[in-house]
Amino acid sequence: MMRGLLLWLGLCAGAGAMSLPPWEEGTLVAVGAPPLVRLGVEKGDGGTFVIQPAADGQGLGAAEVAALKQRTGSRIRYRAGPFKAHPLLGREAVLLQAEVLETR
């Protein structure tokens, strides 16, 4: 009985970790033209997306995105939520987690 419970708890913990997207790396960049300049990430494959601030508890909020904006040009490691299409800025996503790897 105890062995089965431990196995079940281990499977639940593993499933929770698997539901997050994988870590990716990129560079913080400015996207768009004035007055619509936004913070974005340039991925290793050359693609770029705009960082959208998250709602409360859903990822990086406006304050965290503003703090990252001060580090434009730095390499980061991040997990992005689902991508959406923006009519002017292209692809955008909420960052679920982010870490600055190296500052410029």
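The values are calculated or read from the model by the stated rules, or taken from the named source; none is laboratory data. Worth saying up front: this structure is predicted, and the values here are computed from it rather than measured. Ideal geometry is used to build each Cβ from the backbone, glycine not excepted, and the neighbour counts take in all protein chains shown. Side chains are part of the model used for accessible areas, which takes the heavy atoms of the whole protein and leaves out ligands, DNA and RNA. Shrake-Rupley method; radii C 1.70, N 1.55, O 1.52, S 1.80 Å.
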### Query
Does residue 62 qualify as being among the aliphatic types (A, V, I, L, M) and open to solvent by 60 Å² or more (accessible area, probe 1.4 Å)?
yes
### Query
So residue 25 clears everything in (1) open to solvent by less than 80 Å² (accessible area, probe 1.4 Å); (2) modelled with pLDDT of 95 or more; (3) touching a Gly at 6+ places or on another chain (Cβ under 8 Å) except one condition, right? Which one?
(1)
### Query
Does any residue of segment 43-51 turn out to be under 15 Å from residue 101 (Cα atoms) and modelled with pLDDT of 85 or more?
yes
### Query
With respect to residue 102, is the statement that it is open to solvent by 30 Å² or more (accessible area, probe 1.4 Å), modelled with pLDDT of 95 or more and not basic (Lys, Arg) true?
no
### Task
Please determine, by comparing only the residues of segment 15-59 that are among the hydroxyl-bearing types (Ser, Thr, Tyr) and within 14 Å of the chain's Cα centre (by Cα), which one is farthest from residue 89 (Cα to Cα).
27
